[in-house]
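Visitor: I'd like to ask some things about the structure below.
The values are calculated or read from the model by the stated rules, or taken from the named source; none is laboratory data. The structure presented is a predicted model; accordingly, all values stated were derived computationally and were not measured. Cβ: placed from backbone, ideal geometry, glycine included. Neighbour counts: every protein chain shown. Protein only, heavy atoms only, side chains kept; ligands, DNA and RNA dropped before computing areas. Shrake-Rupley method; radii C 1.70, N 1.55, O 1.52, S 1.80 Å.
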Amino acid sequence: MNTTFKTVSSSHITISELMLPSHTNFSGKIHGGYILSLLDQIAFACASKFSGNYCVTASVDTVNFLKPIEVGELVTMKASVNYVGTSSMIIGIRVEAENIRTGVVKHCNSSYFTMVSKDNDGNNAKVPGLILTTLKEVSRFEHSVKQLALKKEREYQKGVATFGSIESILNSNQYNVKVELE
């Protein structure tokens, strides 16, 4: 059992960046891929700060794009460790964009990354335990536990699906799909 524990607040990372025209997609909004790149960077920084080790991205579990981000807005990302396993951590990230002329702030994105701590030889490394000090931290931890259970159930269900169940789904006329096997 891990005898080292750290607070959630010891993992907090905040970054801010002004959104430039070079960050836009074809519709003139900030490109989601650019935001994903920033999300991966802050997840790495948060996980590495907490674990004290180099960390790698194991999965991007959720990325909800809620509102578009405009050129000229100041984007702030706030990350913290929400859950720890033996060598893995779930990092929660909140993205806000501020119109620097009006001061109006909008919540644009919520994301969850699973990061894995690595030692100098590239093997998985133990991470500290997590000390929860607020009800919000307890709630985030509980949410992560539920998400992990749902993820395991989805993986299990992938192996259970049979042609018969797929056939009944396709015949239900509930989905906009047509199968033409050769």
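Visitor: Could you tell me which residue out of Val75, Asn176, Ser139 lies farthest along the dipole of the chain toward its positive end? Charges go on the beta carbon: Lys and Arg +1, Asp and Glu -1, centred on the Cα centre.
Guide: So the residue we want is Ser139.
Visitor: For the chain, what does the accessible surface come to per residue with a 1.4 Å probe? Please give it in Å².
Guide: Dividing the accessible area of the chain by its residue count gives 62 Å².
Visitor: Starting from the Kirkwood radius over alpha-carbon pairs of the range 71-134, derive D by Stokes-Einstein at 20 °C in a medium of 1.002 mPa s and give it in µm² s⁻¹.
Guide: Working: Rh = 13.9 Å.
Answer, rounded: 154 µm²/s.
Visitor: For the chain, give the percent of accessible area contributed by carbon and sulfur heavy atoms, probe 1.4 Å, rounded to a whole number. Write down the numbers at each step before the final one.
Guide: Details: 6220 of 11310 Å².
Carbon with sulfur: 55 percent of the solvent-accessible area.
Visitor: If you build a Gaussian network model of the chain, linking Cα atoms that sit under 10 Å apart, which residue out of Ala149, Ala125, Ala47 swings the most?
Guide: Ala149
Visitor: Okay, next question. If I stretch the segment between Lys158 and Glu182 completely, what's the gain in nm (0.36 nm per residue apart, minus their alpha carbon distance), one decimal?
Guide: Numbers: separation 24, 0.36 × 24 = 8.64 nm, distance 2.36 nm.
Extra length available between Lys158 and Glu182 comes to 6.3 nm.
Visitor: What are the trypsin sites (Lys or Arg not before Pro) within the range 45-110 that DSSP puts in a loop, where the Cβ has at most 13 other Cβ atoms within 10 Å?
Guide: Passing both the DSSP loop test and the Cβ count: Arg101.
Visitor: Kindly report, to the nearest 10 Å², the accessible surface of Val105 as traced by a 1.4 Å probe over protein heavy atoms only.
Guide: 80
Visitor: Take every DSSP beta bridge whose two residues both sit in the chain, then give the antiparallel share in percent to the nearest 5. Kindly include the intermediate steps, with their values, before the conclusion.
Guide: On the way: 40 of 43 bridges.
So the antiparallel bridges in the chain amount to around 95 percent.
Visitor: Same structure again: For the pair Asp40 and Thr133, how long in nm is the line joining their label points, each one 7 Å along Cα→Cβ?
Guide: Between Asp40 and Thr133, the simple spin-label model gives 3.3 nm.
Visitor: Mind sorting out which of (i) 15.8; (ii) 15.2; (iii) 13.9 is the real mean projected area of the Cα convex hull in nm² computed from the coordinates?
Guide: Looking at mean projected area of the Cα convex hull in nm² for this model, the match is (i).
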